[in-house]
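Structure record follows, encoded as structure tokens.
The values are calculated or read from the model by the stated rules, or taken from the named source; none is laboratory data. Predicted, not measured: the structure shown is a model, and the values here were computed from it. Positions of Cβ are backbone-derived with ideal geometry, glycine not excepted, and every protein chain shown enters the neighbour counts. The area values use the complete protein model at the heavy-atom level, side chains included, leaving out ligands, DNA and RNA. Shrake-Rupley method; radii C 1.70, N 1.55, O 1.52, S 1.80 Å.
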Amino acid sequence: MKTCIITLDIINEICHSDGKLANYAGRIKENKIINHINDVLNWGRQKNLLILHVRLGFRLNYQDCSTISPIFKLAKEKKILQISEWGGQFCDTLERHKNDVEIIKHRVSAFYGTDLDLILRANKIAKLILTGVGTNNAVELTAREAHDRDYAVTIISDATECADDDAKNASLKFLSRIAKITTTELLVP
């Protein structure tokens, strides 16, 4: 079964303390989320796994941004999540390599409106390992959609984060019904 590692929304706007949406950047740093993600990525590279980095972002004119979504409707007004600006770029601490695939999404799920499924099927991927933020948003929705598309899903719990422990634990509890939940230490020998 071919496997792919996916990182979700490890961007400056969300993960860097100077980001405009950095509500839990302190938790990301304190819990070493990006360090754990990098450990998973290095393990995957040793095994020659496909690695995909997915980031949320919008064009400068926000024509691809929802004006209805409570999550996104203020993006244009606040000038956040622009893919060509610092906030919409991947964090420097995320270890990306030239052979990694990068995908831009415009909604919560990594599948919606992207070529993620096409890339996975073209590479005969059957198993996904998910990391990133937020556990209860991008990770959860991507996992749900992956499950419904018949991918086997593994979530690395200490390589995901969200605003608080209650939200993270509730999300992981739900996800344990459709995915394998593990830790970096158990995945990476």
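Counting only residues that are β-branched (Val, Ile, Thr) and in contact with a Ser or Thr (Cβ under 9 Å, 6 or more places away or on another chain), give me the helices (runs of 4 or more DSSP H) lying completely in the range 103-189 with at least 1 of them.
Numbers: elements: 116-122, 140-148, 165-175, 184-187.
Once the helices (runs of 4 or more DSSP H) in the range 103-189 are filtered for at least 1 residues that are β-branched (Val, Ile, Thr) and in contact with a Ser or Thr (Cβ under 9 Å, 6 or more places away or on another chain), what remains is 140-148, 184-187.
Which one of Leu74, Leu49 is more than 15 Å from the chain's Cα centre (by Cα), over 28 Å from Asp150 (Cα atoms) and either of a type in the set (A, V, I, L, M, F, W, C) or modelled with pLDDT of 95 or more (or both)? Let's see the steps before the verdict.
Values: Leu49 fails: over 28 Å from Asp150 (Cα atoms).
Every option except Leu74 fails the conditions.
For the range 2-23, a residue qualifies if it is within 10 Å of Leu128 (Cα to Cα) and more than 15 Å from the chain's Cα centre (by Cα), and the qualifying residues are Lys2, Thr3.
Checking each residue in the range 130-167 for being within 14 Å of the chain's Cα centre (by Cα), open to solvent by 10 Å² or more (accessible area, probe 1.4 Å) and farther than 19 Å from Leu52 by Cα picks out only Asn136.
Residue pairs whose Cβ atoms lie under 8 Å apart, separated by 6 or more positions or on different chains, with the first residue in the range 80-101 and within 18 Å of Ile34 (Cα to Cα) and the second aromatic (Phe, Trp, Tyr) and open to solvent by less than 30 Å² (accessible area, probe 1.4 Å), are Gly88/Phe58; Arg96/Phe90. Contact map, the range 3-25: residues that are without any contact (Cβ under 8 Å) to a residue 40 or more places away in the chain paired with residues that are of a type in the set (A, V, I, L, M), Cβ distance under 6 Å, separation 6+ or inter-chain. Pairs shown: Ser17/Ala25. The listed residues are Asp64, Asp39, and the only one of them that is in contact (Cβ under 8 Å) with a residue 40 or more places away in the chain, more than 18 Å from the chain's Cα centre (by Cα) and under 24 Å from Ala143 (Cβ atoms) turns out to be Asp64. Among residues of the range 111-128 that are closer than 14 Å to Asp148 by Cβ, those with a beta-carbon under 6 Å from a residue that is among the small types (Gly, Ala, Ser) and at pLDDT 95 or above at least six positions away or on a different chain give the pairs Leu116/Ala110; Leu128/Ala146. Residues that are open to solvent by 90 Å² or more (accessible area, probe 1.4 Å) and within 18 Å of the chain's Cα centre (by Cα) within the range 174-189 comprise just one, Lys180.
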